[in-house]
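So the structure is just underneath, and the comments pick up after that.
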Amino acid sequence: MKKVRVYRMGNAKSKKRGKPALDASLARAQKSGVLSLSAQTLKKVPIKVFSATKLRLLDLSNNRISTIDEALGQLVALQRLILSNNVILELPPLVTLKKLKELRVDHNKLATLPE
């Protein structure tokens, strides 16, 4: 079984040219396919996340996210999307996420799910 590393974004800056930790986390996640931005008090998903097209797992749980940008559809390799414990009112269409096997949206404010 292949070993999977989960990269969590911290609040510190990376040592590489003072770039924010998100940039370093995204670079590692693009290689590993796994990114956790859980419990970062995010109100929205950083737009840079949607450029990591090789992500297989994206964990955005335990934040304050209310909307998800339609750019989520660019993550065509995504297999697991964890959005639990946010304040999301509506999700964008997920039709381009053909590899998506798991969607967690519990403890949000969703009235309906997209088709």
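Laboratory data are not the source of any read-out in this text; all were calculated from the coordinates shown. What you see is a predicted model, and the numbers here were worked out from it, not measured in a lab. For neighbour counting, all protein chains shown are included, and Cβ atoms are generated from backbone atoms with ideal geometry for every residue, glycine included.
Each residue of the stretch 60-74 was assigned a 3J(HN,Hα) from its phi angle through the Karplus expression (A = 6.51, B = -1.76, C = 1.60, θ = phi - 60°), giving 10, 5, 6, 10, 10, 5, 10, 9, 10, 5, 5, 4, 3, x, 6 Hz with x at Gly and Pro.
Residue pairs exceeding 20 angstrom between C-alpha atoms, taken from Lys48/Lys109; Lys43/Lys98; Lys44/Lys98; Lys43/Lys109; Lys43/Lys99: Lys48/Lys109; Lys43/Lys98; Lys44/Lys98; Lys43/Lys99. Taking Cα centre as origin and charging only the Cβ of basic (Lys, Arg, +1) and acidic (Asp, Glu, -1) residues, the dipole magnitude of the stretch 21-94 rounds to 240 debye. Relative to one another, the C-alpha centroids of the stretch 100-115 and the stretch 27-95 are positioned 13 Å apart.
Remark: the Arg28-Glu70 segment gains 12.8 nm on full extension, using 0.36 nm per residue and subtracting the alpha carbon distance.
Each residue of the stretch 79-87 was assigned a 3J(HN,Hα) from its phi angle through the Karplus expression (A = 6.51, B = -1.76, C = 1.60, θ = phi - 60°), giving 10, 10, 10, 10, 10, 4, 6, 10, 10 Hz with x at Gly and Pro. Across the stretch 43-58, coupling constants 3J(HN,Hα) worked out from phi with the 6.51/-1.76/1.60 Karplus curve, θ = phi - 60°, read 9, 8, 7, x, 4, 4, 4, 6, 8, 8, 5, 9, 4, 9, 10, 10 Hz, and Gly and Pro carry x.
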